[in-house]
Amino acid sequence: MQCFTCPFCGPRDETEFFYGGEAGKERPEPSAEVTAERWAEWLYGETNSKGPSREIWLHLTCGEFFLMERHTVTHEVFATRATRGEEA
Amino acid sequence: MAGNYSAFRLLREGLRGHSGWQPAWRDSEPKDSYQVVIIGGGGHGLATAYYLARNHGIRRVAVLEKGWIGGGNTGRNTTAIRSNYFYPESVALYDFALRLYEGLSRELNYNVMFSQRGIVVVAHSEAEMEMAARVVNAMQINNTDAELLTREQVLEKVPLLNQGKDARFEIYGGIWQGRAGTARHDAVAWGYARAASALGVDIVQNCEVTGFLVENGRCVGVETSRGTIRAEVTGMAVAGHSGVLASMAGFRLPIRSFALQAMVSEPVKPCLDTVLLYMGTGTYLSQSDKGELVIGGGLDRVLSYGQRGNPPMQEQVISGLLEMVPAFGQLKLLRQWAGIVDVVPDSSPIIGPSPLPGLFMNGGWGTGGFKAIPAGGWLFAHLLATGEHHEISRPFDLERFRTGRLIDEAAGSAIPH
């Protein structure tokens, strides 16, 4: 069992967390001007990094989203921090 | 080359002290250029090479494998083969694979030990039986074999199941596909490798692709750890590493890579002669010819390229197993491992041209690539040889994510993905 550190609750079991998607994706706006290609890219396009990765996670227990930087091969977690007031 | 395998040959070699066997396939040095380069020496890559040579007469083909052939997901799956899907496009694809599997040992002159022992999917409530009936109807309409089982019929097939009054998942009935089964996974890779090699295909191991050669916006080959290799057409069949190659080629895919783990118990006497899946637990298992129970379940929940499983999912799979057959609680686990699978939002594969001209992809098989190997190879070879889709692979083009015409088996079939 791996522990992730919720910026609000501290270290908790990995089963309390849910992957929310890769960080840094910006929803294209305004919707009327978004082409099918751009929309599909936003909706489905994944970098799916092997190695260091910046991800948005949800701590199911407290309901807060936060940013986690981790390594997708070693599973080492470099940092977790709140996204509030910051760029994701 | 190695010559044909036969009972007579076995007898002759037996009398000669087995001194006459040759390596089954050539371990090649890479040449400077090929007509087709296939990245990934797993089942799909090797099958693609074989069908390029056999169906299309294209023999200047190289399969580039960064490790050893069949060492990725082809050697890490639970060997189940089935076509119990919901949508016509999916059944057409997976049943094509199943039909090819039915003749594969003869076709390749290599015993892939395909055993059509059937699969039982157990349903636990009236509502789940309605879902089961829906899937069975769909499968029958789509021309593959499926039957609805009553509780008694399920228990007749698998008497060991938990029938206690306090069972968490009551046995209500189930789905039966009799043509489903298991095959020896390594033999599928080795059989295709041997047959492809005999037709002139180069199989190059320890050859990792590190980049793509792009000229005038078109892929014209690959950079590898063993030098530059030019190709008129390049295909990738690298499962969980599709995203890594896509990054090298400069595009993104609708793919997330997860670890999918499996495990085997110590060997025991024959006790399970079918593939068994519970809708309620998501755990499934079969018994190997050696007597080990081969056990699998769902994906690990954390995206990963580490080829090992995390304990939470292992615990869930095993607790599911013990709910299904409490008697298996006495068994010891022998091995546990994981492969990296490429999961697509609609749980259907991607076969088609990539955004980089000259580069084609076969991937996104997620948790179910092994069962599809012969079809994946056949259809991908067709695409690489002609530049056009086979009618079975057309719906699985990458374009579906732009048009929105997904083939959502994640929601459609009664199988966890």
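The values are calculated or read from the model by the stated rules, or taken from the named source; none is laboratory data. Remember, predicted model here, so these are calculated numbers, not experimental data. Reconstructed Cβ throughout: ideal geometry from the backbone, glycine too, with neighbour counts over all protein chains shown.
You will find that of B:A53, B:A47, B:A24, the residue that is surrounded by 13 or more Cβ atoms within 10 Å (Cβ to Cβ) and in contact with a Leu (Cβ under 6 Å, 6 or more places away or on another chain) is B:A53 and no other. Determine, yes or no, whether B:G306 is out of contact with any Asp or Glu (no Cβ under 9 Å at 6 or more places or on another chain), within 30 Å of B:V244 (Cα to Cα) and away from chain A (no Cβ under 14 Å). No, not satisfied. For segment B:245-298, a residue qualifies if it is within 14 Å of chain A (Cβ to nearest Cβ), of a type in the set (A, V, I, L, M) and assigned to a loop (DSSP other than H, G, I, E, B), and exactly one does: B:I255.
Hey, any hits in segment B:224-234 for a residue that's modelled with pLDDT of 95 or more, under 20 Å from B:P349 (Cβ atoms) and not polar (S, T, N, Q)? Lay out the reasoning, then the answer.
Filtering segment B:224-234 down to residues modelled with pLDDT of 95 or more leaves B:224-234.
Still in the running and under 20 Å from B:P349 (Cβ atoms): B:233-234.
Within this subset, residues satisfying the condition of being not polar (S, T, N, Q) are B:233.
The answer is yes, given that some residue of segment B:224-234 is modelled with pLDDT of 95 or more, under 20 Å from B:P349 (Cβ atoms) and not polar (S, T, N, Q).
Residues in segment B:238-297 that are within 29 Å of B:E65 (Cα to Cα), of a type in the set (A, V, I, L, M) and under 19 Å from the mean Cα position of the chain (by Cα): B:V238, B:A239, B:I255, B:A259, B:L260, B:A262, B:M263, B:V264, B:V294, B:I295. Search segment B:92-129 for residues being over 16 Å from the mean Cα position of the chain (by Cα) and of a type in the set (D, E), and hand back the single one that is surrounded by the most Cβ atoms within 10 Å (Cβ to Cβ). By that ranking, first place goes to B:E128.
Look at segment B:54-66: where a residue is more than 15 Å from B:A193 (Cβ to Cβ) and a partner is part of a helix (DSSP H, G or I) and among the aromatic types (F, W, Y), sitting 6+ places away or on another chain with Cβ atoms under 9 Å, you get B:N55/B:W378. Do we have A:F8 as in contact (Cβ under 8 Å) with a residue 24 or more places away in the chain and either within 14 Å of another protein chain (Cβ to nearest Cβ) or surrounded by fewer than 12 Cβ atoms within 10 Å (Cβ to Cβ) (or both) here? So A:F8 does not fit the description; no.
Only residues that are surrounded by 21 or more Cβ atoms within 10 Å (Cβ to Cβ) and either part of a helix (DSSP H, G or I) or in contact with an Asp or Glu (Cβ under 8 Å, 6 or more places away or on another chain) (or both) were counted in segment B:130-155, giving 6.
So which residues in segment A:52-75 are at the interface with another protein chain (Cβ under 8 Å from one of its Cβ atoms) and more than 12 Å from the chain's Cα centre (by Cα)?
First pass over segment A:52-75, keeping only residues at the interface with another protein chain (Cβ under 8 Å from one of its Cβ atoms): A:53, A:55, A:72-75.
If the condition is that a residue be at the interface with another protein chain (Cβ under 8 Å from one of its Cβ atoms) and more than 12 Å from the chain's Cα centre (by Cα), then A:T72, A:V73, A:T74, A:H75 are the ones that fit.
Checking the structure you have, find out if any residue of segment A:24-39 is within 12 Å of another protein chain (Cβ to nearest Cβ), on the phi > 0 side of the Ramachandran plot and either among the small types (G, A, S) or outside any helix (DSSP H, G or I) (or both). No, because not a single residue in segment A:24-39 is within 12 Å of another protein chain (Cβ to nearest Cβ), on the phi > 0 side of the Ramachandran plot and either among the small types (G, A, S) or outside any helix (DSSP H, G or I) (or both).
Could you pull out the residue among B:Q307, B:Q316, B:Q287 that is surrounded by fewer than 22 Cβ atoms within 10 Å (Cβ to Cβ), among the polar types (S, T, N, Q) and without any contact (Cβ under 8 Å) to a residue 40 or more places away in the chain?
Working: B:Q307 fails: without any contact (Cβ under 8 Å) to a residue 40 or more places away in the chain; B:Q287 fails: surrounded by fewer than 22 Cβ atoms within 10 Å (Cβ to Cβ).
It is B:Q316.
Looking at the structure I just gave you, is A:L43 within 9 Å of chain B (Cβ to nearest Cβ) and either in contact with a Gly (Cβ under 8 Å, 6 or more places away or on another chain) or within 23 Å of B:P345 (Cβ to Cβ) (or both)? Yes; evaluated as a whole, the condition is true for this residue. Does A:A79 fit the bill of being surrounded by fewer than 12 Cβ atoms within 10 Å (Cβ to Cβ), small (G, A, S), part of a strand (DSSP E or B) and more than 12 Å from chain B (Cβ to nearest Cβ)? Yes.
Yes or no, residue by residue, for (1) of a type in the set (D, E, K, R); (2) under 30 Å from A:R12 (Cα atoms):
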{"site": "B:Y284", "(1), (2)": "no, yes"}
{"site": "B:E292", "(1), (2)": "yes, no"}
{"site": "B:P326", "(1), (2)": "no, no"}
{"site": "B:L356", "(1), (2)": "no, no"}
